[in-house]
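Dropping a structure here in structure tokens format, bear with me for questions.
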């Protein structure tokens, strides 16, 4: 008898503290807790799990979510946000790296400032759109946000 749950494998690039970014595979659930369809990368990173299974090359690892600086993943049409506001920003990370993109804010009017999203402790990762990819950035490692 096989007790494994079939997962959706997605190739991403992940940057962790004190390490070079690596191409990895993450495993998304075919079921979302928030909407119809599969688990999104946003749900994966901001869920209840502290450790994620990832495959880096031929090596399977459990990765501590708190050590992820950012994760870059393909942007799928079904993940398109209905943003109440957008801002073109540069996120300067604590290691000096810069992540650039469109900060999409999907919050109620009156709570749709960048500072509202950054100060909301319900989500650890924020999303920046960069063309056909999304950067999911760990808020704990953002030094400053520069508006363009």
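The values are calculated or read from the model by the stated rules, or taken from the named source; none is laboratory data. What you are looking at is a predicted structure, and each value in this text was computed from that prediction instead of being measured. No Cβ is skipped: glycine too gets one built from the backbone with ideal geometry, and neighbour counts run over all protein chains shown.
With respect to residue 69, is the statement that it is on the phi < 0 side of the Ramachandran plot, in contact with a helix residue (DSSP H, G or I) (Cβ under 8 Å, 6 or more places away or on another chain) and at pLDDT 95 or above true?
Answer is yes for this residue.
Continuing with the same structure: Before we move on, is residue 69 closer than 21 Å to residue 18 by Cα, assigned by TED's automatic domain parsing to the domain that holds residue 28 and in contact with a strand residue (DSSP E or B) (Cβ under 8 Å, 6 or more places away or on another chain)? So that I can check it myself, show each step before the final result.
Values: closer than 21 Å to residue 18 by Cα: yes; assigned by TED's automatic domain parsing to the domain that holds residue 28: yes; in contact with a strand residue (DSSP E or B) (Cβ under 8 Å, 6 or more places away or on another chain): yes.
Here the answer is yes, as residue 69 does meet what is asked.
Which one of 46, 138, 134 is modelled with pLDDT of 90 or more, over 19 Å from residue 21 (Cβ atoms), under 14 Å from the mean Cα position of the chain (by Cα) and surrounded by 11 or more Cβ atoms within 10 Å (Cβ to Cβ)?
The match here is 46.
For the range 78-94, enumerate the residues that are modelled with pLDDT of 90 or more and in contact with a helix residue (DSSP H, G or I) (Cβ under 8 Å, 6 or more places away or on another chain). Quick ask: steps written out before the conclusion?
Looking only at the range 78-94, we keep the residues that are modelled with pLDDT of 90 or more, and these are 88-94.
Once the filter is applied, which keeps residues that are modelled with pLDDT of 90 or more and in contact with a helix residue (DSSP H, G or I) (Cβ under 8 Å, 6 or more places away or on another chain), the range 78-94 yields 89, 93, 94.
Which count do you get for residues in the range 112-130 that are part of a loop (DSSP other than H, G, I, E, B) and either surrounded by 12 or more Cβ atoms within 10 Å (Cβ to Cβ) or in contact (Cβ under 8 Å) with a residue 12 or more places away in the chain (or both)?
6
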